[in-house]
Amino acid sequence: MTVVKFGGSSVGTPAAIRQVYSIVTGGEYRGRVRAVVVSAFSGVTDALIGAGRKAAAGDVDYQRVVDALHKRHLDAATALLGPDKATAERLVAYIDGMFSALLRILGGVEAIRELSPRTLDLVMSAGERLSAKIVAAYFAAQGTEAEYLDSRLVIKTDAAYGKARYLPAETGAAAKEYFARHGALQIAAGFIGETADGSTTTLGRGGSDFTAAILAAALGAESVEIWTDVDGILSADPRLVQNAFRMDEISYTEALELSHFGAKVIYPPTVRPALEKDIPILIRNTFNPEGKGTWIKKDAAPSRYPIRGLSSLGNVSLLRLQGSGMAGVAGFASRLFSALARRSISVILITQASSEYSICVAVEPAEVYAAAAAVIEEFDREIASGGLEPPSIENACSVIAAVGSRMKSTPGIAGAVFYALGRNGVNIKAIAQGSSETNISAVIARQDEVKALNAVHEAFFLSGTKSVNLFLVGAGLIGSTLLEQISAQRETLQERYKIRVNLAGVANSRRMIFDSGAGGIAPENTRSLLEHGEPFDLDGFVARMKAMNLPNACFCDCTASDTVAAAYAAILEAAIPVVTPNKRANSGDYAYYQKITGYSRDRGIPYLYEVTVCAGLPVISTLRDLHLAGDKVQRIEAVLSGTLSFIFNNFDGSKPFSALVREGKAKGYTEPDPRDDLNAKDAARKALILSRECGQNLEFSDIDIEPILPERCFAAPTVEAFFAELEMCDADFEKRRVAAAKKGAALRYVAVIENGTASLKMREEPPESPFRALVDADNIVVITTDRYHTLPMVIKGPGAGAAVTAGAVFADIVRTARTLV
């Protein structure tokens with residue numbers, strides 16, 4: 001024997017009620033169901049409460065609300081019972097009578113301008129009584145022996161209107177006696193009960209679940225089934241966590257913890273009667289009856305994950321009391337909770353500092369000011385004497401809870417939860433864990449609720465999958481190549497390496513687009529989507545990125561903009577990692593460089609800029625590794641410009657210097673105006689970055705740059721005029737080349753970092769020099785350290801090119817995932 005309950009959208013329409021009938025009378029349940037508990041049609045209870053409040057305020061619009069509800073129920077009855085005129089007429093008469101009585105009650109409320117809790121319970125009860133009567137009539141019209149049960153006949157409660165407590169002994173006796181006399185299938189009105197003096201009460205919002213569990217316990221049922229509009233109990237709220245999944249079974253304790261902290265699938269008190277009688281509860285989906293659902297039972301199989309699930313309360317308030325007068329004072333907590341209890345204020349969460357200097361509680365926002373008043377009244381003397389500070393209130397908070405019976409036998413759960421939150425910049429205001437070790441709760445800012453849930457859910461449940469929600473500014477050559485690489489590699493990354501890159505926002509110099517969905521923006525569609533995007537504004541882009549508040553976000557700057565680089569600090573302070581090939585931030589003002597690198601280091605928020613020097617070559621990471629291992633860099637010599645490398649590598653007398661510059665421009669090695677490379681400023685910025693990575697406090701003005709060209713070349717008004725001037729310099733360059741060749745040497749433009757200085761100069765390199773082994777546009781960095789002294793470390797390879805540079809940026813983006821739990 002089982003008791004089943006259908007609620008919300010499960011009885012929201014005639015079609016849904018027909019589905020309920022097919023489930024209850026189908027092969028799986030035929031003859032097994034003793035009672036069907038139904039809630040009000042979806043939205044009806046809220047409408048009835050609204051009508052009652054309108055009446056109490058003297059707003060006659062309550063009549064329109066009641067008329068609309070009247071019509072909705074009549075329409076449902078007609079749709080379900082149209083052919084059965086006799087049954088339909090009796091049902092219509094019942095509905096008409098119910099709404100006539102409801103209007104009389106609300107008319108009285110309007111007259112006295114007062115809606116007492118007792119009257120509100122009577123008004124709210126109409127929803128369940130109407131729906132159960134309609135469902136019972138439909139079952140009977142289909143030939144099933146079924147009767148309407150006004151649950152007030154069997155559910156006996158105290159007089160705590162709005163959230164009445166049922167009386168187990170009286171209810172058990174009444175239910176057994178009633179069901180012994182009524183052998184037909186009972187269609188019971190959920191949510192409602194009755195006091196000893198016959199007053200109507202309600203069991204609290206969600207009380208229809210409770211009704212089913214109460215009846216199951218009273219009748220000794222084998223199970224109680226709650227049919228709703230989801231496939232069972234999920235690992236998290238699917239409206240907030242897109243990757244939430246159904247759990248096969250959980251324990252009573254886990255269900256209580258999850259429901260207490262906001263899981264909406266089951267009403268918390270529902271578990272208690274079933275737990276006391278060891279009656280399993282099954283949660284199933286009315287609209288997916290083939291689904292297995294979730295069992296709640298005593299001996300649930302252990303979860304294969306460290307935790308069972310997550311839940312959250314989306315809007316709570318914190319009340320904090322602190323002061324030296326608390327420390328060592330016996331009975332302080334008792335006085336606090338007694339004061340709150342006298343005001344009937346329910347405490348959601350409690351936490352107290354081990355120093356006994358402070359204690360805080362989480363309560364419903366509607367009760368927090370009453371709670372503060374109760375505390376002030378109770379501790380007025382201590383506050384007046386200065387032993388206690390007046391209570392402080394913090395609104396707009398949320399509670400997230402990680403729940404699971406395995407937590408007490410698995411070390412590191414709390415650390416993993418808090419790391420996932422901290423890594424995503426979620427500040428924890430209060431922490432609580434029960435002695436049963438089945439729950440870790442944290443109070444956070446309400447705006448961080450969704451991000452926090454997704455971050456913790458991914459940390460525990462996604463089988464090692466780590467996601468990066470990427471925001472990209474700069475869709476030029478490097479940016480567009482990066483997008484192509486993401487498109488080509490993202491499936492392999494996810495399947496083979498368990499790393500998922502979601503493109504959440506993209507901007508070029510004109511437009512920007514965003515998508516916070518699970519799949520994000522398709523990289524291959526970015527160009528066409530940007531054509532229809534909103535106008536780009538950097539402040540707006542950063543603000544939108546922060547407002548989206550996605551977990552595991554990453555900002556990538558593929559521009560050469562000083563303005564974008566200036567935003568890094570604010571982005572890092574929002575706990576969003578930054579990946580960039582843009583040299584401007586690290587070669588600009590030293591104080592800013594210190595600020596952003598220091599913030600990244602101290603807060604553990606990745607700031608990755610490997611690509612700023614030598615594209616994809618691992619130069620910066622190597623310098624860091626040397627430093628971490630205790631080695632000391634004595635000297636760095638490097639060719640840091642791919643453009644200058646190409647020119648000097650090929651300057652062997654076969655072509656004039658100016659011809660090699662033209663060839664480099666034609667091959668794309670130079671900027672459109674080659675002077676942007678030949679002024680050596682780009683190479684100087686790279687040298688400055690390397691010097692800072694070695695601990696030198698240099699500014700750009702401290703770099704000693706030997707000019708490659710005379711000033712008149714830079715003063716030329718156009719590129720062609722520049723080449724004309726450059727051709728006039730060919731003889732001088734050839735003279736220097738020949739002089740070097742006579743010594744067996746060749747010209748190279750080399751950066752040197754040593755003894756707190758940095759310089760870039762044209763040098764004559766002998767045949768054995770590593771700089772003579774360069775080809776095409778290769779870069780090379782030669783590092784001499786205390787340990788690499790006799791034979792320096794050499795890092796050599798392509799130092800330019802869109803594919804190489806974008807690939808290194810992509811690697812840094814993926815590297816941010818390694819910092820995730």
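The values are calculated or read from the model by the stated rules, or taken from the named source; none is laboratory data. Just so it is clear, the structure is predicted and the values come from calculations on it, not from any experiment. Don't worry about glycine lacking a Cβ; one is built from the backbone with ideal geometry, like all the others, and counts go over all protein chains shown. The protein model used for the area step is the full one, side chains on, heavy atoms only, and it has no ligands, DNA or RNA in it. Shrake-Rupley method; radii C 1.70, N 1.55, O 1.52, S 1.80 Å.
Annotations for the structure displayed:
- Number of residues in the stretch 191-206 that are out of contact with any helix residue (DSSP H, G or I) (no Cβ under 8 Å at 6 or more places or on another chain) and either among the aromatic types (Phe, Trp, Tyr) or surrounded by 24 or more Cβ atoms within 10 Å (Cβ to Cβ) (or both) equals 0.
- Residue match in the stretch 472-483 (condition: surrounded by fewer than 17 Cβ atoms within 10 Å (Cβ to Cβ), out of contact with any Cys (no Cβ under 6 Å at 6 or more places or on another chain) and touching a residue at least 60 places away in the same chain (Cβ under 8 Å)): yes
- The helices (runs of 4 or more DSSP H) found wholly in the stretch 375-462 and carrying at least 3 residues that are more than 14 Å from the chain's Cα centre (by Cα) occupy 380-385, 413-423.
- Failed item, numbered, when SER317 is tested on (1) over 23 Å from TYR29 (Cα atoms); (2) open to solvent by less than 10 Å² (accessible area, probe 1.4 Å); (3) assigned to a loop (DSSP other than H, G, I, E, B); (4) not aliphatic (A, V, I, L, M): (3)
- Taken together, ALA543, ALA575 contain a single residue that is over 23 Å from ALA808 (Cβ atoms) and crowded, with 18+ Cβ neighbours inside 10 Å, which is ALA575.
- TYR166 buried (at least 24 other Cβ atoms within 10 Å of the Cβ) and at pLDDT below 95: yes
- If you go through the stretch 107-122 and keep only what is surrounded by 18 or more Cβ atoms within 10 Å (Cβ to Cβ), out of contact with any Ser or Thr (no Cβ under 9 Å at 6 or more places or on another chain), part of a helix (DSSP H, G or I) and not polar (S, T, N, Q), you end up with just GLU110.
- Among the candidates VAL456, VAL399, residue that is buried (at least 22 other Cβ atoms within 10 Å of the Cβ), more than 30 Å from GLU495 (Cβ to Cβ) and either acidic (Asp, Glu) or touching a residue at least 24 places away in the same chain (Cβ under 8 Å) (or both): VAL399
- Test: ALA188 is open to solvent by less than 10 Å² (accessible area, probe 1.4 Å), of a type in the set (Gly, Ala, Ser) and either assigned to a strand (DSSP E or B) or without any contact (Cβ under 8 Å) to a residue 60 or more places away in the chain (or both): yes
- Considering (1) open to solvent by 30 Å² or more (accessible area, probe 1.4 Å); (2) in contact with a Phe, Trp or Tyr (Cβ under 8 Å, 6 or more places away or on another chain); (3) not in a helix (DSSP H, G or I), the lone condition that ILE296 does not fulfil carries the number (1).
- 1 or more residues touching a strand residue (DSSP E or B) at 6+ places or on another chain (Cβ under 6 Å), closer than 28 Å to LYS686 by Cβ and modelled with pLDDT of 95 or more: qualifying strands (runs of 3 or more DSSP E) within the stretch 490-582: 499-507, 553-557
- When residues in the stretch 775-786 are screened for being closer than 17 Å to VAL619 by Cβ and not aliphatic (A, V, I, L, M), 4 of them pass.
- The sole residue among LEU240, LEU256, LEU234, LEU215 that is more than 11 Å from PRO280 (Cα to Cα), among the aliphatic types (A, V, I, L, M) and at pLDDT 95 or above is LEU215.
- Check on ILE307, over 30 Å from ALA372 (Cα atoms), out of contact with any Gly (no Cβ under 7 Å at 6 or more places or on another chain) and surrounded by 15 or more Cβ atoms within 10 Å (Cβ to Cβ): no
- Residue check, PRO674 open to solvent by 10 Å² or more (accessible area, probe 1.4 Å) and either at pLDDT below 95 or not β-branched (Val, Ile, Thr) (or both): no
- Test: ALA175 is buried (at least 22 other Cβ atoms within 10 Å of the Cβ), of a type in the set (A, V, I, L, M) and over 45 Å from the mean Cα position of the chain (by Cα): yes
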